[in-house]
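Engineer: Sharing a structure with you now.
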Amino acid sequence: MSRAQIYDERFAKVFPIDWEVKILNKYLTIKANLLDVGCGTGRHVVPFSEKGLDVVGIDKDKEMLMASQIKLRLKKLNANLILADAQKLPLKDNLFGHIIMMGNVLGEVDVHENDRKNMVEEIKRTSKTNGTLIIELVHRYWNAKDLFSWA
């Protein structure tokens, strides 16, 4: 079984969970373009594309992006999927009205503190001044106060 299939089997069936959906629907109400950092197999790319948002999904795993693309095609949806590292986003400054980083993107054990700082800096750089940023921290090794000190 591929990494994308394992992800979908173990996590995508469970996520997005009710509270996650409520938060995203509550704060992403303005029709704006959306950047999904660490988009994986498209668990947010697809529903926000269905809502009519202009979605860009970034992931450093080509297989995950391919799985996301398949889901978009099956539903006849479009999103711009980019193979890239979140530490060096190949995007212009002040571009996105909404940015989400869900799951363990910042919380991965193998992601070093400087990597996290770089990711947060890139998110800030690509976000519009009055943009909406939602970051989900689900890993026990990650300390949320550090994120707020960088933001």
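The values are calculated or read from the model by the stated rules, or taken from the named source; none is laboratory data. What you see is a predicted model; the values in this text were computed from it and never measured. As a convention, Cβ positions derive from the backbone with ideal geometry for all residues, glycine included, and neighbour counts pool all protein chains shown.
Engineer: Would you check if there is a residue in region 44-54 being closer than 19 Å to ALA4 by Cα and touching a Lys or Arg at 6+ places or on another chain (Cβ under 9 Å)?
Structural biologist: yes
Engineer: Cβ contacts < 8 Å: first residue in contact (Cβ under 8 Å) with a residue 24 or more places away in the chain, restricted to region 72-90; second residue of a type in the set (Gly, Ala, Ser) and in a strand (DSSP E or B), any location; separation 6+ or different chain. Result?
Structural biologist: ALA79/GLY57; ASN80/GLY57; LEU81/GLY57; ILE82/GLY57
Engineer: In addition: Only residues that are without any contact (Cβ under 8 Å) to a residue 24 or more places away in the chain and of a type in the set (A, V, I, L, M): list them for region 30-70, please.
Structural biologist: The one that is without any contact (Cβ under 8 Å) to a residue 24 or more places away in the chain and of a type in the set (A, V, I, L, M): ILE70.
Engineer: I'm trying to understand the selection: among the residues of region 8-46, which are farther than 16 Å from ILE135 by Cβ, in contact with a helix residue (DSSP H, G or I) (Cβ under 9 Å, 6 or more places away or on another chain) and either at pLDDT 90 or above or among the basic types (Lys, Arg) (or both)?
Structural biologist: Passing the criteria: THR41, GLY42, VAL45, VAL46.
Engineer: Tell me, yes or no, whether region 96-113 has at least one residue that is at pLDDT 90 or above, surrounded by fewer than 15 Cβ atoms within 10 Å (Cβ to Cβ) and over 13 Å from the mean Cα position of the chain (by Cα).
Structural biologist: no
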